[in-house]
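The values are calculated or read from the model by the stated rules, or taken from the named source; none is laboratory data. Owing to the predicted nature of the structure, the values given are computational and were not obtained by experimental measurement. Quick reminder, even Gly has a Cβ in these numbers, built from the backbone with ideal geometry, and neighbours come from all protein chains shown. What goes into the accessible areas is simple: the full protein's heavy atoms, side chains included, and nothing from ligands, DNA or RNA. Shrake-Rupley method; radii C 1.70, N 1.55, O 1.52, S 1.80 Å.
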Amino acid sequence: MQRSLSPHDQRLALISGTTFAVHYADSSTARALLSDPARWTLGVVGYGAERPNFMPSTCPFVAAPLLPATGEAMFEIWISTLPTRPCRIGPVSGACNDELVFGAIRLEDVADIALEDAVEKSYLAIFDFLEQTGLVEPIRFWNYLTAITADERGVERYRRFNIGRHRAFSARLRAPIPPVASGVGGHWGTSVIYFLAARDAAKPIENPRQVNAYEYPPIYGPSSPRFSRASIYSSTLTRTLFIAGTASIVGHETRHVGDLAGQITETTENLRALIRAADQEEACSRDDRWALKVYLRDQAYREPVETALHGMFGTACEPLYLRGDICRSDLLIEIEAVRQTIAG
Ligand code: 3EB
């Protein structure tokens, strides 16, 4: 059951049409968003930026180890039209309203701790945080690791990451299907995990063109990657489609190795397939608001991706372009999306 909003909160939510939204913003837009009295902040992620001085110290902030592909510092801002309150439990900090919580943790990613142990410990802390906030259904995880495909004492770091995530999910995740996630490598600062969770669970959507990642064969590592590729989260006023894992994979195999144009086409096909699958579950409206985030192994890939996305989404959508290593070294790009529709 969803809790109903107070008349005041309902009015505020209706002004913006949603109870939450994500904005990808440069510094001046971020400053304006954060000072808007009709909006509260769930959390902010900085790309190529530490906490900016215009941000109140109570505002949850985490610096991602990924740099913007444009050079200029960028911010991912999770806004709420309902009042939020900061939450901090152990090493996890964030903010919540009555239906949604944002949280982030910096990994203890140091040489004398095996990555799988740091990841398992971090996820266990996240599950503790969810229990304490009472918003126990994880909706979306972002896993940003430094040197994601590098070797760590004979085992690739992404494989170690999967082992740790698998252990924690086996112990604590209640849902049979894992939530939507991103696993991307960065080149700067500290590994982080940040997330959204809610009172009510999202409905998983899978890509008919791809093997579910949590059912990958063991050639990709001893523990399969625990994530699903899309889900629909329905809240009081909004229906949100989360899409991830659109890299150039068909079945479970990488396609178009070394061929950027081929990978872009395959990625947009994966996006389309997930949108189709979602729309079979719930009809979409014309008032959709899209937020796209693009990971590029090389910032020179930006122009052709921009052209493809322009063709698909038009000019209404301004993607956030990041330099990020997709977790298989033969994958060149990945696109994730948030689509919000006002519930009828
Ligand atoms: C893939 O589809 C590409 O490990 O959380 C995409 C999204 C990928 C999330 C994760 C990995 C993850 O297998 C990589």
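Tabulated data
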| read-out | value |
| --- | --- |
| Selection within segment 295-307 - open to solvent by less than 30 Å² (accessible area, probe 1.4 Å) and free of Cβ contacts under 8 Å to residues at least 60 places away in the same chain | V305 |
| Count of segment 146-165 residues which are within 13 Å of the ligand (Cβ to nearest atom) and over 18 Å from the mean Cα position of the chain (by Cα) | 7 |
| Any chance N207 is assigned to a helix (DSSP H, G or I), within 11 Å of the ligand (Cβ to nearest atom) and out of contact with any Asp or Glu (no Cβ under 6 Å at 6 or more places or on another chain) | no |
| Test: residue in segment 58-70 that is under 30 Å from V155 (Cβ atoms), outside any strand (DSSP E or B), modelled with pLDDT of 95 or more and hydrophobic (A, V, I, L, M, F, W, C) | yes |
| Hits in segment 34-83 (condition: within 21 Å of Q340 (Cα to Cα), open to solvent by 10 Å² or more (accessible area, probe 1.4 Å) and under 20 Å from the mean Cα position of the chain (by Cα)) | W40, T41 |
| First in segment 256-282 and farther than 15 Å from F242 by Cα, second anywhere and basic (K, R), Cβ under 6 Å, 6 or more apart | E266/R255 |
| Selected residue (only one of I193, I105 is of a type in the set (V, I, T), closer than 22 Å to A244 by Cα, away from the ligand (no atom under 14 Å from the Cβ) and part of a strand (DSSP E or B)) | I105 |
| Leading residue by the ranking (nearest to the ligand (Cβ to nearest atom)) among those in segment 287-344 that are in a strand (DSSP E or B) and among the acidic types (D, E) | E334 |
| Positions within segment 169-189 being outside any strand (DSSP E or B), open to solvent by less than 50 Å² (accessible area, probe 1.4 Å) and either at pLDDT below 95 or within 13 Å of the ligand (Cβ to nearest atom) (or both), in sequence order | F169, A175, P178, P179 |
| Among residues of segment 273-330, those that are touching a strand residue (DSSP E or B) at 6+ places or on another chain (Cβ under 7 Å) and among the hydroxyl-bearing types (S, T, Y), counted | 4 |
| Count of segment 240-286 residues which are within 14 Å of the ligand (Cβ to nearest atom) and assigned to a strand (DSSP E or B) | 7 |
